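All remarks here apply to the structure that follows.
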Amino acid sequence: VSVQQTTAFLQHEIAPHFDFEYMARCVAGRYSKTMTPEQQREFTNNFSELFIATFVKKISNYRKYPPVVDSYKSKRSSETEAVVTANVIQESGVQLKIEFKFLKGKKGWKVIDVRGNGISALFYYRNHFAQQMRQRKQQQAIFN
C-alpha cells in the first residue's frame with residue numbers, strides 16, 4: 001500500500017470522524033481568538049493535513065505485520081464525552097495503549113483527541129504551536 005493510498009483512505013474514511021475545527025481551536029489556544037474566520041479555516045486545514053500526514057507516517061512504519069488490536073473498551077464520562085481505549089500490539093510485541101476522546105456535538109460523536117501511552121496529540125501540537133509563536137514574536141522584536 002502506497003503513502004498516497006494510505007493518505008486517501010485516512011482522508012475519506014477516518015478524518016470525517018474527527019472534529020478538526022475543535023482540535024485546531026484547542027491547538028491554537030488564545031491565538032484562535034485573534035484569527036479572522038479565513039485564518040481559522042486555513043489553520044484548521046493545515047492542522048488536519050499535518051495530523052493526517054503524521055498518522056500516515058506512523059502507520060507506514062508497519063512493513064511486515066500490521067498492529068493488532070488486542071482489546072478495547074469504551075467509557076462515557078458524561079452525556080457528551082466518551083473515551084475509547086484500545087490496546088494495540090505492535091509487530092515487535094510491544095503493547096501500546098491508545099485512547100480516543102470523543103465529544104458529542106451537532107454532527108454527532110467525533111474524535112477530539114488521541115493519546116498514545118498517555119501522551120495527548122492536542123497537548124503536543126499546542127506546545128509546538130505556542131513555541132513557534134514565541135519564536136515568531138522574538139524574531140519580529142529583533143527585526144523591528
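Within the range 70-88, being of a type outside the set (Val, Ile, Thr) and either at pLDDT below 85 or within 13 Å of TRP109 (Cα to Cα) (or both) holds for ASP70, SER71, TYR72, LYS73, SER74, ARG76, SER78, GLU79, GLU81, ALA82, ASN87. The one condition from (1) modelled with pLDDT under 90; (2) surrounded by 13 or more Cβ atoms within 10 Å (Cβ to Cβ); (3) not in a loop (DSSP other than H, G, I, E, B) that GLU91 does not meet is (3).
Among the residues making up the range 55-69, those that are out of contact with any helix residue (DSSP H, G or I) (no Cβ under 8 Å at 6 or more places or on another chain) and either open to solvent by less than 90 Å² (accessible area, probe 1.4 Å) or modelled with pLDDT of 90 or more (or both) are TYR62, PRO67, VAL68, VAL69. Can you confirm whether ALA141 is out of contact with any helix residue (DSSP H, G or I) (no Cβ under 9 Å at 6 or more places or on another chain) and over 17 Å from TYR22 (Cα atoms)? Yes.
The residue that is farthest from ARG115 (Cα to Cα), among those in the range 34-45 that are at pLDDT 95 or above and polar (S, T, N, Q), is THR36.
Look through the range 17-41, keep the residues that are in a helix (DSSP H, G or I) and of a type in the set (Asp, Glu), and return whichever of them is farthest from GLY105 (Cα to Cα).
Residue satisfying both the conditions and the ranking: GLU38.
Look at the range 92-107: where a residue is farther than 14 Å from LYS73 by Cβ and a partner is modelled with pLDDT under 90 and not aliphatic (A, V, I, L, M), sitting 6+ places away or on another chain with Cβ atoms under 8 Å, you get GLN95/ASP70; GLN95/ASN87; LEU96/PRO67; LEU96/ASN87; LEU96/GLN90; LEU96/GLY116; LEU96/ASN117. When each of ILE119, ILE98, ILE112 is tested for being within 18 Å of the chain's Cα centre (by Cα), open to solvent by 50 Å² or more (accessible area, probe 1.4 Å) and β-branched (Val, Ile, Thr), the lone residue that passes is ILE119.
Going through the range 29-61 one residue at a time, which ones are farther than 16 Å from ALA130 by Cα, more than 14 Å from the chain's Cα centre (by Cα) and among the hydroxyl-bearing types (Ser, Thr, Tyr)? Passing the criteria: THR36, SER60.
Please work out which residue is nearest to TYR125 (Cα to Cα), limiting yourself to the range 15-38 and to residues that are open to solvent by less than 90 Å² (accessible area, probe 1.4 Å) and free of Cβ contacts under 8 Å to residues at least 12 places away in the same chain. Top of the filtered list is SER32.
The values are calculated or read from the model by the stated rules, or taken from the named source; none is laboratory data. All figures in this text were calculated on a predicted structure; none of them were measured in a lab. In this analysis, Cβ positions are derived from the backbone assuming ideal geometry, glycine residues included, and neighbour counts consider all displayed protein chains. Keep in mind that these areas ignore ligands, DNA and RNA; they rest on the heavy atoms of the full protein, side chains included. Shrake-Rupley method; radii C 1.70, N 1.55, O 1.52, S 1.80 Å.
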